[in-house]
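Any read-out appearing in this document is the output of simple, stated calculations on the displayed coordinates, not a laboratory observation. Everything numeric here is computed off the predicted structure, so don't read it as measured data. Backbone-built Cβ (ideal geometry, glycine too); neighbour counts: all protein chains shown.
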Amino acid sequence: MDVLHHPSPVLKARAHEVDVTSDPALRDLVRAMAETMYEESGIGLAAPQVGVDKRVIVFDVDDRLAALCNPVIVEFGEETVVDDEGCLSVPGITVPVERSTRVVCTGLTLEGRDITIEAEDLLARVLQHEIDHLDGVLILDRCPGDMKKAIVRAYNEANNL
Ligand SMILES: [Zn+2]
């Protein structure tokens, strides 16, 4: 699968919830997304990044592949930290993004089972990043206001836009 790059309009749209029990394409989608993520050396990928309007993410932090359908962050820890983030859909640059260091995330497995993930540090950051994609939010939208112009310029230069 090809990863869409900013400014693709698909990346700006809110993706729709999936019906896990009656969507036979989900398993193939997740498999293809995982392949694409590994090919691109990413640690997370959201379905809109491959042009699919579904609330599905895959991620691999600590050498364990996981997929989550309809993920929702139900709790953001109070403590936040700013760290540089890259994105397969915003290639060539990194952006300092403030994120909670701890989140609680709910969602469904491919089998339709409810799952709750208590995540910290890198996993917490990846989940916030990927779920942002499902809401049409990119790291460019999260960068500090006074840096936005310079970051957009750097992105355009890196991608010959
Ligand atoms: Zn991304």
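Residues whose amide H falls under 5 Å from that of G44, counting only those 5 or more places apart or on a different chain, are D60, with hydrogens built in the peptide plane. Computed from the alpha carbon atoms alone, the convex hull of the stretch 1-96 holds 126 Å³ per residue. Rounded to the nearest 0.05, the FRET efficiency derived from the C-beta distance between T21 and D135 at R0 = 30 Å is 0.80. Here the chain is treated as a Stokes sphere of Kirkwood radius computed over C-alpha pairs; at 25 °C and 0.890 mPa s its diffusion coefficient rounds to 154 µm²/s. Charged side chains reduced to their Cβ positions (Lys and Arg at +1, Asp and Glu at -1) give the stretch 9-156 a dipole of some 560 debye around its Cα centre.
Remark: the E78-N156 segment gains 24.7 nm on full extension, using 0.36 nm per residue and subtracting the alpha carbon distance.
Ignoring everything except DSSP H segments at least 4 long, calculate the 222 nm mean residue ellipticity for the chain; use -39,500 (n - 2.57) per segment, divide by total residues, nearest 500. Helices in the chain give a 222 nm mean residue ellipticity of -8000 deg cm²/dmol.
Explain nothing, just the number: relative contact order of the chain, from Cα pairs under 8 Å at least 6 residues apart, as a whole percent. So the answer I get is 25 percent. The phi-based Karplus calculation (6.51 cos²θ - 1.76 cosθ + 1.60; θ = phi - 60°) puts the 3J(HN,Hα) values of the stretch 51-59 at x, 10, 7, 9, 7, 9, 10, 10, 7 Hz, whole numbers, x for Gly and Pro.
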